[in-house]
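Down below is the structure, laid out as structure tokens.
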Amino acid sequence: MYLGNHMTNKAYTNILPFLIPTLILALCIALLLAIIPKGELHLLLCQPHTPFLNAVVPIFSDLVDWLPYLVVVLLLFYRAGWTTFLASNLLLSTLIVQPIKHLINAPRPLTWFAENMPDVALPLVDGVKMNLWLSFPSGHTTTFFVLFFSISIILCAENIRGKNILSLLCFLLATFGAYTRIYLSQHFALDVFAGILIASFSTILLYYFLALKTKNTLFWAWNLQKLKK
């Protein structure tokens, strides 16, 4: 099945397995933000630290530094259309996040607590470089959700066996990636919430634009393997 010719009528069904739990997660975070003060919520969510999580969380959090680009390259061996979809999604989300970050220049948890709750010692992980500013929104969260939402759509659009379970796994991985930013005290829940919304908007916008506008099925079918023939 090629995205450009006969997915259009059922395109919306390909986003639901990931979008529905994402909306539930976003609603839960919004409720927490509404009823719990910023500092207290952060302390609640970043506790407790364990040796196992201290080892795993930094590694998982850093996946967004290289994994999305690896997936982009790997998709070239499958279909160029999906490569374009993910690469464009990563670019668009970055173009949304970075101007907002620099315009607002919000303090990171380490800076905010030093100014507003100086008696509180944040639980930090040894060896992790702490950022001080440009907190809102969370770029890592945005990239995690862009990557795994895009993968979920690809799995559903290609009708991969077990696509719904795999989409749920994608959601859980994206959620854990977002949580790592709170656990490491690099971001507040509000930053993560905004990152989730931006990623969801970017992914749905690009998917529908490509699904509705792309007519060249040869482009979607092309891949690097064809160069060998």
*Could you tell me which of LEU27, PHE60, HIS49 has its Cα farthest along the dipole of the stretch 1-153 towards the positive end, charges placed at Cβ (Lys, Arg +1; Asp, Glu -1), taken about the Cα centre?*
LEU27
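Test of the criteria: in the stretch 56-119, which chymotrypsin sites (Phe, Trp or Tyr not before Pro) are in a DSSP loop and have at most 16 other Cβ atoms within 10 angstrom of their Cβ? Let's see the in-between values first.
Working: sites: PHE60, TRP66, TYR69, PHE77, TYR78, TRP82, PHE85, TRP112, PHE113; in loops: TRP66, PHE77, TYR78.
Loop-located and lightly packed - TRP66, PHE77, TYR78.
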_Under 15 Å from the Cα of LYS101 - aspartates and glutamates, other chains or at least 8 residues apart_ = ASP191
*asked:* Please list, in order along the stretch 94-107, the HN-Hα scalar couplings obtained from phi with the Karplus expression 6.51 cos²θ - 1.76 cosθ + 1.60 (θ = phi - 60°), rounded to whole Hz, x for Gly and Pro.
replied: 5, 5, 7, 5, 5, x, 5, 3, 6, 6, 7, 6, 6, x
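Would you mind calculating the gained length between ILE36 and ALA121 on full extension (0.36 nm times residue separation, minus the Cα-Cα distance), in nm to one decimal? Let's see the in-between values first.
Values: separation 85, 0.36 × 85 = 30.60 nm, distance 1.92 nm.
Additional length available on full extension: 28.7 nm.
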*Selection of trypsin sites (Lys or Arg not before Pro), the stretch 130-197, meeting DSSP coil and at most 12 other Cβ within 10 Å*: ARG161
*In which sequence would HIS102, HIS42 go, from the one with the fewest C-beta neighbours within 10 Å to the one with the most?*
HIS102, HIS42
*Where does the charge balance sit around LEU184 when Lys and Arg score +1, Asp and Glu -1, over other residues with C-beta under 11 Å from its C-beta?*
+2
*Work from the charge dipole of the chain (Cβ charges, +1 for Lys and Arg, -1 for Asp and Glu, about the Cα centre) and give the residue of CYS156, LEU173, SER138 farthest towards its positive end.*
CYS156
*Just the number, please: Stokes-Einstein D of the stretch 103-172 in µm²/s, Kirkwood Rh from C-alpha pairs, 25 °C, 0.890 mPa s.*
164 µm²/s
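Charges at C-beta only: +1 for Lys and Arg, -1 for Asp and Glu. How large is the resulting dipole of the chain about its Cα centre, in Debye rounded to 20? Working shown, then result.
Values: 14 positive and 8 negative charges, 244 e Å.
My answer is approximately 1160 debye.
Determine the equivalent ellipsoid of the chain by diagonalising the alpha-carbon gyration tensor, then write out the semi-axes as square roots of 5 times the eigenvalues, largest first, rounded to whole Å.
Working: eigenvalues 248, 59, 51 Å².
Over the Cα atoms of the chain, the semi-axes work out to 35, 17, 16 Å.
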_Mean-square fluctuation check for the chain, GNM, Cα pairs under 10 Å: which of ALA34, ALA157, ALA26 is largest?_
ALA34
*asked:* If I take every Cα pair under 8 Å that is 6 or more residues apart in the chain, average their sequence separation and divide by the length, what percent do I get for the relative contact order?
replied: 38 percent
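No value in this document is a laboratory result; all are computed from the given coordinates. Note that this is a predicted model, so its numbers are computed, not measured. All Cβ positions, even for glycine, are placed from backbone atoms using ideal geometry, and neighbour counts span all protein chains on display.
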